[in-house]
There are 2 protein chains.
Amino acid sequence: YRGLADKKEINEKVDEYRKGDFDTIPDPGNLVHFKTKDALEKTPKTDVQDKGKKDKEMPPIGTYVLPHPIWTEEQLHDVQVTHKEPEGFVDKAAHKTVMLFRGGFDIFSGFKFGQRNERKWLNRICFLETVAGVPGMVAAMMRHMRSLRRMQRDQGWIHTLLEEAENERMHLLTALQLKKPSLFFRLCVIGSQGVFVTMFGVSYIISPKFCHRFVGYLEEEAVKTYTKCLEDINDGPMQHWKTQPAPDVAIRYWKLSPEATMKDVILAIRADEAHHRVVNHSLASLKKDEFNPYKPGK
Amino acid sequence: YRGLADKKEINEKVDEYRKGDFDTIPDPGNLVHFKTKDALEKTPKTDVQDKGKKDKEMPPIGTYVLPHPIWTEEQLHDVQVTHKEPEGFVDKAAHKTVMLFRGGFDIFSGFKFGQRNERKWLNRICFLETVAGVPGMVAAMMRHMRSLRRMQRDQGWIHTLLEEAENERMHLLTALQLKKPSLFFRLCVIGSQGVFVTMFGVSYIISPKFCHRFVGYLEEEAVKTYTKCLEDINDGPMQHWKTQPAPDVAIRYWKLSPEATMKDVILAIRADEAHHRVVNHSLASLKKDEFNPYKPGK
Ligand SMILES: [Fe+2]
Ligand SMILES: [Fe+2]
Ligand SMILES: [Fe+2]
Ligand SMILES: [Fe+2]
């Protein structure tokens with residue numbers, strides 16, 4: 001079957017893929033076939049964001065995800081707001097940068113003023129998660145390229161960084177189930193991605209330690225933000241999230257119970273952020289050629 | 001345990017990691033602990049490229065890898081040199097570019113002239129694999145950023161692209177078990193990575209289709225190259241690879257038998273290249289918002 005890379009066969013295959021006939025892909029004979037048909041029929045399609053186009057055959061969001069931690073009820077409620085004191089110049093610079101970002105963003109987004117509400121929360125969460133997915137991917141690419149360029153092993157960091165990047169992207173795709181971004185919002189997201197990818201990329205070349213410390217402090221703020229969100233859910237303007245059902249994509253990704261609510265989703269996201277917090281603070285304290293202690297999905 | 005992100009606890013953790021006490025990492029209670037101790041003692045350490053430094057605690061190369069196809073004996077020998085005829089301008093441009101690269105490289109590397117030997121083969125393989133790891137990672141990052149920026153799902157492409165990138169990096173790390181790169185060689189690698197990352201990145205912004213087709217054609221050449229290498233092993237200047245033992249990292253990565261030889265390694269690499277060939281030709285023929293038909297590890 002390895003012969004199928006000429007024009008005729010590629011075109012035939014592609015036509016089959018378009019029909020959703022994924023099972024006809026040439027698979028190594030010794031591997032189990034993907035259980036599409038069954039799995040697909042059982043999975044609700046509401047979270048496929050393509051206006052019904054080809055919905056019937058398209059696997060739902062998050063069908064193939066990297067291993068990631070699944071939190072117990074106890075772990076979800078165990079998360080605390082913490083702070084790692086900056087030690088030395090790099091740490092201080094990283095902390096100052098995060099404080100500057102947060103201050104600026106609080107003012108620009110109007111989050112500081114007036115009553116918080118669902119619209120403000122969703123704006124804040126969506127925007128922050130479009131940014132949060134950047135560092136892990138940029139860092140993973142940098143280390144991948146470094147391994148190729150210096151012709152040496154990576155020391156097991158890449159998988160953890162990719163896991164973080166995907167996890168943040170899943171936060172975004174989950175929040176988007178409740179929000180339709182406006183044109184202005186989209187333009188802000190595009191602009192800040194351009195700036196942030198460039199800044200973070202250049203910083204990672206200069207000082208990976210600064211970058212991981214920066215993410216560590218960013219995640220301290222993320223935990224604060226989601227803790228505040230939980231306060232608003234428990235005893236504030238967001239109490240309807242105590243009962244509002246969680247989107248399907250969230251139930252699937254975090255293996256929540258079918259009756260899970262938006263509150264459970266926010267708890268899971270906050271636990272993820274606390275995890276990135278300790279991971280990045282640890283990576284910042286390790287030298288770049290030391291072995292990454294975090295295993296896939298942990 | 002989620003509280004451990006202050007200065008004292010991070011520093012204590014990092015000290016423990018440095019001792020190799022990875023098992024003390026705060027793990028979600030419901031996940032199995034990594035079986036380091038046992039697995040490590042049984043695994044030969046010869047392929048850890050760090051001159052013995054901390055060898056005792058450092059897991060070997062390829063401890064955490066993405067799912068990837070494991071080929072049967074039949075599949076290994078089934079690989080053929082194929083060619084997908086270019087259709088339309090983009091295809092033709094991609095094919096021309098690959099032909100130009102190959103021609104230039106054959107001359108520059110002196111591969112065209114004189115007798116082929118182990119030194120020439122290792123130079124060629126190492127150099128090409130430092131380049132081959134670039135496209136998958138760049139494409140994965142581009143699609144990840146696009147998903148964040150446009151706030152829409154990725155359609156399942158990222159995992160396949162990351163799998164390809166890691167697989168090529170494993171080809172490189174395997175070949176490096178037999179070669180110590182010279183300073184001149186290192187400078188060539190650094191220079192070409194700079195050029196290629198930039199060119200491929202810019203091309204991916206302009207035309208992902210061109211880029212995947214380009215990789216498809218590149219992999220056609222890779223299959224040719226490794227087929228020629230196998231000819232040299234079967235009946236040419238490389239016959240000692242019929243019996244030379246495979247490096248440990250290769251046995252682990254491709255799940256080869258403990259008696260596997262370098263010939264088995266080259267067969268496995270060639271099957272990987274044939275797989276990237278059909279994958280990239282297919283991705284090039286799909287629209288960028290169509291679902292990727294390839295599942296993890298397939
Ligand atoms: Fe997040
Ligand atoms: Fe985060
Ligand atoms: Fe390769
Ligand atoms: Fe390749």
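Points to keep in mind about this one:
- Computed from label points 7 Å out along Cα-Cβ, the spacing between A:Phe185 and A:Lys255 is 3.2 nm.
- Considering helices alone, the calculated mean residue ellipticity of the protein assembly as shown at 222 nm is -20500 deg cm²/dmol, with DSSP H runs of length four and up weighted by -39500 (n - 2.57) and normalised per residue.
- Normalised per residue, the accessible area of chain B is 42 Å², obtained with a 1.4 Å probe and no contribution from ligands, DNA or RNA.
- Averaging the Cα positions of each part gives two centres, and for the range B:194-229 and the range B:233-298 these lie 17 Å apart.
- A 1.4 Å probe, protein heavy atoms only, puts the accessible area of A:Trp71 near 30 Å².
- Protein accessible area in the protein assembly as shown, 1.4 Å probe - carbon and sulfur %: 60 percent
- Rounded, prolate or oblate (a/c below 1.5 giving rounded, otherwise prolate when a/b exceeds b/c) for chain A by Cα gyration tensor: oblate
- Accessible area ranking (1.4 Å probe, heavy atoms, ligands and nucleic acids excluded), largest first, for A:Thr130, A:Thr243: A:Thr243, A:Thr130.
- Between B:Lys242 and A:Glu16, the simple spin-label model (points 7 angstrom out along Cα→Cβ) gives 3.7 nm.
- In this label model, A:Phe89 and B:Arg102 are separated by 5.2 nm, measuring between points 7 Å along each Cα→Cβ vector.
- Summary value for the range A:140-298: 30 percent relative contact order, contacts being C-alpha pairs under 8 angstrom separated by 6+ residues.
- Chain B: relative contact order as a whole-number percent, Cα under 8 Å and 6+ apart: 24 percent
- Interface A:B - total buried accessible surface [probe 1.4 Å, Å², rounded to 100]: 8800 Å²
- Label zone at B:Asn234, where the point sits 7 Å out along the Cα-to-Cβ direction: the range B:79-103 residues whose backbone N lies under 20 Å: B:79-83
The values are calculated or read from the model by the stated rules, or taken from the named source; none is laboratory data. Every value quoted in this text rests on a predicted model; they were computed, and no experiment measured them. Note that each Cβ is placed from the backbone with ideal geometry, even for glycine, and that neighbours are counted across all protein chains shown. What goes into the accessible areas is simple: the full protein's heavy atoms, side chains included, and nothing from ligands, DNA or RNA. Shrake-Rupley method; radii C 1.70, N 1.55, O 1.52, S 1.80 Å.
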